[in-house]
1. What tally of residues in region A:83-100 results from selecting those that are farther than 27 Å from B:Thr167 by Cα and surrounded by fewer than 23 Cβ atoms within 10 Å (Cβ to Cβ)?
2. Counting residues that are touching a Lys or Arg at 6+ places or on another chain (Cβ under 9 Å) and either assigned by TED's automatic domain parsing to the domain that holds A:Arg198 or in contact (Cβ under 8 Å) with a residue 24 or more places away in the chain (or both), which strands (runs of 3 or more DSSP E) fully inside region A:1-85 reach at least 2?
3. Show the residue pairs meeting these rules: Cβ distance below 6 Å; 6+ apart or different chains; first residue within region A:196-218 and buried (at least 19 other Cβ atoms within 10 Å of the Cβ); second residue among the charged types (D, E, K, R) and assigned to a helix (DSSP H, G or I).
4. Quick one: in region B:196-244, of everything that is of a type in the set (D, E, K, R) and modelled with pLDDT under 75, which residue is nearest to B:Ser419 (Cα to Cα)?
5. Go through the residues of region A:135-144 one by one and say whether even a single one is surrounded by fewer than 18 Cβ atoms within 10 Å (Cβ to Cβ), closer than 25 Å to B:Val19 by Cα, within 11 Å of chain B (Cβ to nearest Cβ) and not hydrophobic (A, V, I, L, M, F, W, C).
6. Inside region B:13-58, can you point out the residues that are within 9 Å of chain A (Cβ to nearest Cβ) and buried (at least 16 other Cβ atoms within 10 Å of the Cβ)?
7. If I go through region A:159-213 residue by residue, how many of them are under 20 Å from A:Glu223 (Cβ atoms) and part of a loop (DSSP other than H, G, I, E, B)?
8. Filter region B:155-172 down to residues that are part of a helix (DSSP H, G or I) and modelled with pLDDT under 80, then give me how many there are.
Amino acid sequence: MIKVALAGNPNVGKSVIFNALTGMRQKIGNWPGVTVEKKEGVCKYKDVEFHIVDLPGIYGFTAHSIDEKIARDYILKEKPDVVVNVVDASNIERNLYLTMQLIEMEANIVIALNKMDLAEQRGYKIDVRKLSRELGVPVTPTVAVRGEGIEELKSAILQASKTKRKPSIRYSDGIERYISLVESKVIENSILPDCPLRFVAIKLLELDNEIMKEAKVGKEVIEKWISLVS
Amino acid sequence: MDFVSELAVARYEKIGEIVGKCVEKIEKPRTFSDVIDTVVTDKYVGIPIFLSLMWAVFQFGYSISVPFSDAIDVFFAWCAGIASRIENPYLASFLSDGFFGGWGFVLVFLPPIAFVFIALTILEQTGYLPRAAFVVDRAMTRVGLQGKSFIPMLLGFGCNVPAIMATRTIDDEADRKITIMVNPLMSCSARLPVYVLFAGAFFKESAGAVITLMYVLGIILAAVMATLFRKFIFGGSPSPLLMELPPYEVPTIKSALMSSWLRIQIFLKKAATILFIGAVIMWFLATHPWDATNGGELIENSYASMIGHAVEPIISPLGLDWTAGVALVGGFLAKEIVIGTLAMIYGVGEEGVADVITQHFTPASALALMTITLIYVPCLATLGVVRQELGSWKWTGLVLAYELILAYIVALIVYAVASVVML
Amino acid sequence: MKWYSAILFLITLVAGLMEVVSGLKGDSITSLVPSDVFGGIVLLIVSAVFLRGLTHREHYAFYEFGSLMLCIFSVLYILAMLANGLDAAIVGEEWNPIDDLRIEMILLPFAIPGTLRLIREKRELPP
C-alpha cells in the first residue's frame with residue numbers, strides 16, 4: 001500500500017486524473033478544522049494499492065492561504081510515498097513554478113504532463129524525455145479527458161515508489177551561496193532534523209512565518225547569518 | 001535583500017532555462033476565444049456588455065416564468081378555496097390560510113428563481129464569467145474587493161445561500177470574509193416580491209425605476225461597507241486577481257438544466273422546510289389565541305398583533321405601524337414570508353394586499369419598508385450559511401448587528417427625505 | 001463589411017434612443033417601440049459595440065459579437081411574448097400577439113448574417 005498525493009495548480013485537470021485513477025472508490029470529506037473539501041480514493045495496480053489524496057489546487061507553498069497550508073502540511077508531515085504533480089502542458093512555465101517548490105521540498109514526484117492536446121493546439125511542441133532529464137523526475141504525458149496516459153501514469157507511480165529518487169535542481173550561483181550557508185547553519189544547530197534540509201533553508205531565507213515558528217528561529221538570527229555571506 | 005523575490009526570480013530563471021531546451025513554440029494561432037475576448041474585455045464596451053448580459057439574465061428569469069407562477073398561483077388558490085369550505089373552522093383556517101396560503105405564496109416565486117438560475121448557469125457554462133470578473137476587477141478593487149468576489153456577489157441576486165457558499169473559491173481570507181459579510185446586501189430574489197408589491201401600489205409607472213433603485217442602493221451600500229470593513233477591520237488590500245480564462249464553449253441545454261437543478265433543489269429544500277414551517281408559525285400567531293380572535297377574524301387580538309405592537313414604537317419614526325412590524329419579524333425567518341404575513345393580517349388574498357396597503361402606508365413609508373427589507377437581516381437559512389462559512393458566532397453577530405443598525409439608519413434617512421420631497 | 005456594421009450601428013442607435021425617450025415620457029411613441037428605459041439602454045449598448053468595431057483594428061469581432069447580442073435580445077423578447085400568450089391562456093385573459101410585438105424582434109433578420117459568421121468562426125478556429 002502506498003500513499004500518493006495529487007498536487008498542482010487549479011484547473012489543470014487534477015480532478016479528472018483523480019477520477020480516472022480512483023473510479024468509484026472515492027470519498028469526499030473535509031480537511032480537519034476547515035471548510036476545504038478533501039478527496040481521497042483508492043487505485044489498485046498490479047497488486048499494489050495506491051491510497052490517493054487530492055490536494056487543493058495551489059500556485060505555491062507559502063503559508064498565505066488555507067489551501068497552500070493544507071497542501072504543504074500534508075506533504076511535509078504525512079510524507080506521501082509519491083507526489084503526482086499534475087502540470088498543464090499548455091501553460092507549462094507557470095505550472096513548473098510549483099514543481100520547483102516540490103523539488104525543493106524533496107518530494108518524490110512524478111509529473112503528469114496533462115492537456116497535451118491543448119498544448120499542441122496552441123502551437124507548443126514538448127520534448128518529454130528531455131524535460132524529464134532536465135528536471136530529474138519521471139514525466140508522463142497525459143490527455144486526462146480522453147483517458148490517455150493513465151495506465152502509463154500508474155506504472156510511473158509504482159516505479160517511483162520503489163526507486164525513490166531525490167532530484168535536486170540548483171539555481172544560480174548567487175543564490176546558492178546563501179542557501180548553502182543557511183543549510184550549514186541548520187545542520188549546525190540541528191534545526192528541524194525531520195524536514196528536508198534544502199526546504200528548511202529556503203523557507204528560512206524567505207522568512208516564512210510557519211517554519212520560523214517551528215524552528216524557533218527569529219528574523220534577526222537569519223539576518224545575522226545572511227550577513228556572514230561575503 | 002528580499003529573498004522572497006530573489007528566490008522567485010531564481011526559480012523562474014531555472015524554468016526559463018529548462019523550457020528553452022525542451023519546448024518549442026511553433027506559432028500561436030488565433031483562437032476563437034481570442035476573438036470573443038477582444039470584444040468582451042474591451043476597455044470601453046466591456047462593462048456595458050457585462051451589464052446588458054446581466055440584465056438579459058434577470059429579464060429572461062422574470063418574463064419567462066410568469067405563466068408558471070400564475071399556474072401555481074391559480075392551483076393553490078383553488079386548493080385554498082376548497083379547504084376553506086371544510087366544516088371544522090379550525091381545520092379550514094389552518095389548511096386554507098396556513099398550509100395552502102403560506103406555501104402557495106412561497107412556491108409562486110419558484111419559477112422566477114428557477115429561470116434566473118438556469119440563465120446564470122447557461123452563462124456560466126459558456127465560460128464568460130471569468131472574463132466578466134476580470135472586467136469588473138478594477139472597479140471592485142477600488143472598494144476593497146477583488147474580481148473573484150464578483151461571482152458570489154452576482155449569485156446573491158438570486159439567493160444568498162448558494163452565493164455565500166460560492167465564496168469558497170476566494171483564497172484570501174480577508175477578501176472572503178468581506179465578501180460574505182456584504183453579500184446579504186445584494187438583494188436576493190425573495191425580497192423582490194416586497195418591492196414589486198409596494199412599488200407597484202405606490203409608484204405605478206415608476207415602479208420599475210424604484211425597484212432598480214433598491215437594487216442599486218444595495219450595491220452601493222455593499223461597496224461602502226466593504227470599503228469600511230477593509231479599512232477598519234481587516235487592513236491590507238485585496239489580493240491581485242490571478243485567474244484562468246477557460247476557452248469558450250457552447251453550453252448544452254442538458255448540462256445547463258442538470259447544473260441548475262442542483263441549485264433549484266437547494267431552494268426547494270428550503271421551501272419545504274423553513275418556509276413552510278415559517279408560514280405555519282405565522283398562521284398560528286395570527287389566529288391565536290383562537291377564541292380571542294374568533295377563528296382568525298379579529299387579528300387585533302392575536303399573538304401576531306402583540307408582537308407587532310411591541311415592535312411598533314421602534315418603527316413608528318419610519319412611518320410604519322404594527323402590521324409592518326409583524327411582517328418584518330416574519331422576515332427574520334425568511335423574506336418570502338413578509339408578504340404572506342401581510343396578507344394574513346389584513347385578511348385578504350394576494351390580489352387584495354395591493355389595495356389594502358394603501359391604507360396602512362404612504363409612499364414614503366413604503367420606501368422605508370422596502371429599504372428595511374433590503375438591509376435588515378438575512379433570512380434564517382442565509383444566517384446559517386454565514387455562521388458556517390465565517391466559522392464563529394462572533395463574526396455572525398457582527399453581521400447581524402451592522403445590518404440592523406444600518407437598516408434603521410438608512411430607512412430613517414429615506415423616510416425623512418421622501419416625506420419632505422413628496423409633500 | 002464595414003458599411004453593414006455602420007447600418008447596424010445606426011438602426012440600433014435610433015431604436016435605442018426611441019425606447020429610452022418612450023420610457024422617460026411614460027408612454028410609447030409608436031406601437032412598435034415600447035416604453036422601456038432599460039430595454040433602450042441595452043439597445044444603445046449594442047450600438048456602442050458596433051461603433052467600437054468601426055474604429056477598432058479587429059472590426060469583425062465586434063460586428064459578429066454585436067450581431068450575436070442583437071440576436072439574443074431579439075429571441076429573448078420573442079420568448080417573453082410567447083410566455084405572455086401562455087400566461088393569458090392560464091389566467092383566462094385575451095391576448096393579441098400584435099400588442100407584444102416590439103422593434104427588437106423586427107431587427108432579428110439584420111442580426112443573422114453576423115451571427116452566422118460567428119458560428120462559422122467557432123467551427124473553423126481552435127477554441
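The values are calculated or read from the model by the stated rules, or taken from the named source; none is laboratory data. As the structure is a prediction and not an experimental result, all values here were calculated from the model. Using ideal geometry, Cβ is built from the backbone for each residue, glycine included, and neighbour counts are taken over all protein chains shown.
1. Total meeting the criteria: 4.
2. A:2-8, A:37-45, A:48-54
3. Short answer, once both residue conditions are applied: A:Arg198/A:Glu104; A:Phe199/A:Glu104; A:Ala201/A:Glu183; A:Ile202/A:Glu104; A:Ile211/A:Lys203.
4. It comes out as B:Lys204.
5. yes
6. B:Lys14, B:Ile15, B:Ile18, B:Val19, B:Cys22, B:Val23, B:Thr31
7. 6
8. 7
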